[in-house]
Structures are given as structure tokens and as C-alpha cells.
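Worksheet for the structure shown next.
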Amino acid sequence: ENEKRLYNKLRYGEFRKFQKLAEEGDCCGQYMLAIMYTNGAGTKADEKLGTEWMIKSAEQGFCQARSTLALYYKTGKGVEKDLQKAFDMLTEASEQGHAFSCNELGKFYEEGLVVAVDLKKAAELYEKAAEHSMRGNAPNL
């Protein structure tokens with residue numbers, strides 16, 4: 001019980017720090033605040049606020065936020081499901097060399113989501129993901 005209380009206290013301190021950064025317009029702070037709201041880390045979970053902050057961060061071009069928001073659009077989490085929007089956001093982030101986005105975009109080509117099935121393009125994107133490091137692994141190769 002004491003460990004849980006300490007954990008929540010530490011998380012609340014992080015939440016306040018990222019909230020301040022986010023309100024100042026820092027895209028990384030906005031992204032972290034979005035994650036904390038979405039997961040209820042350091043604050044009460046609030047998917048709507050989490051999504052709003054994720055959108056703000058993505059609009060500033062933060063690749064991690066674009067990639068995460070693209071998955072929201074792919075699944076309909078917190079936003080209306082929109083595969084075309086997900087595809088476009090993943091394309092933008094992958095063009096910036098974001099490994100996870102390359103990998104997820106490869107799935108669109110492999111599965112024929114929004115685009116015709118193109119296994120060659122999917123393989124190229126999986127290779128690009130591996131080159132940009134999927135933290136030591138490339139799950140779709």
C-alpha cells in the first residue's frame with residue numbers, strides 16, 4: 001500500500017511537470033501529458049483530454065504523437081475511425097524516419113488497408129523500420 005502511494009505521488013509530480021510544459025506549447029510535454037491522461041498515470045484517466053493533447057502534439061509535427069494518433073484513427077480510440085487519416089499520418093511520420101510508423105505503414109500495404117496490397121512496398125517499409133531501429137527488433141521481417 002505504501003509503495004502504491006509513493007508511486008502515485010511520483011507520477012503526480014511528473015504529471016504537473018508535463019502539464020506545465022504542455023501548456024507552454026512544448027510538443028513533447030503535450031505528448032507525455034496525453035499519455036498520462038490516457039493511461040491515468042499521475043491523474044485520473046481521461047481519454048478525451050488525452051486525445052486532445054495528442055492532437056496538439058501531432059499538429060506540431062512530433063513524430064511519436066503522429067504515430068500514436070494514427071493508431072487512434074486506425075482503431076477509433078478517442079476519435080472517429082478513419083483509415084485514410086491514419087495512413088496519411090503514418091506516411092508523414094515514416095518519411096521523417098520514425099521506425100514504428102514505418103512498421104505500421106508496412107501493415108497497411110501488406111493488408112491492403114486504404115491502398116492496394118503491395119508486398120514489395122510493405123517489405124521496403126519493414127526494412128526501413130529495421131534500419132531506423134525497432135529497439136533491436138523488426139517484428140514483421
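Expressed as a fraction of 2.2 N^0.38 Å, the rule-of-thumb size for a compact globular protein of N residues, what is the C-alpha radius of gyration of the chain? List each step's numbers first, then the result.
Details: Rg = 16.7 Å, N = 141, 2.2 N^0.38 = 14.4 Å.
Normalised Cα radius of gyration, the chain: 1.16.
Can you give the net charge of the other residues whose Cβ lies under 13 Å from the Cβ of L125, counting K and R as +1 and D and E as -1?
Details: positive: K107, K120, K121, K128; negative: E95, E104, E110, E111, D118, E124, E127, E131.
Residues close to L125 contribute a combined charge of -4.
Only Cα pairs under 8 Å and at least 6 apart count here; give the relative contact order of the chain as a rounded whole percent. Mind dumping the intermediate values first?
Numbers: 218 pairs, mean separation 17.8, N = 141.
It rounds to 13 percent for the chain.
Quick one: compute the contact order of the range 74-121, relative version, from alpha carbon pairs under 8 angstrom and 6+ residues apart, as a percent.
24 percent
Hey, what angle do you get for helix 83-95 against the long axis of the chain, alpha-carbon based, 0 to 90 degrees rounded to 10?
90 degrees
Taking the 0 to 90 degree range and rounding to the nearest ten, how far is the long axis of helix 27-39 tilted relative to the main principal axis of the chain, both from C-alpha atoms?
Roughly 80 degrees, rounded to the nearest 10.
What does the helix-only formula give at 222 nm for the chain: each DSSP H stretch with n ≥ 4 adding -39500 (n - 2.57), the total divided by the residues, and the result rounded to the nearest 500 deg cm²/dmol?
Values: 7 runs with 100 residues, N = 141.
Mean residue ellipticity, 222 nm, calculated: -23000 deg cm²/dmol.
Viscosity 1.306 mPa s, temperature 10 °C: give me the Stokes-Einstein translational D for the range 43-108 in µm²/s, with Rh taken as the Kirkwood radius over C-alpha pairs.
136 µm²/s
Each value in this text was obtained by applying a stated rule to the coordinates, not by laboratory testing. No experiment lies behind these values; they were computed from the predicted model shown. All Cβ positions, glycine included, derive from the backbone under ideal geometry; neighbour counts span all protein chains shown.
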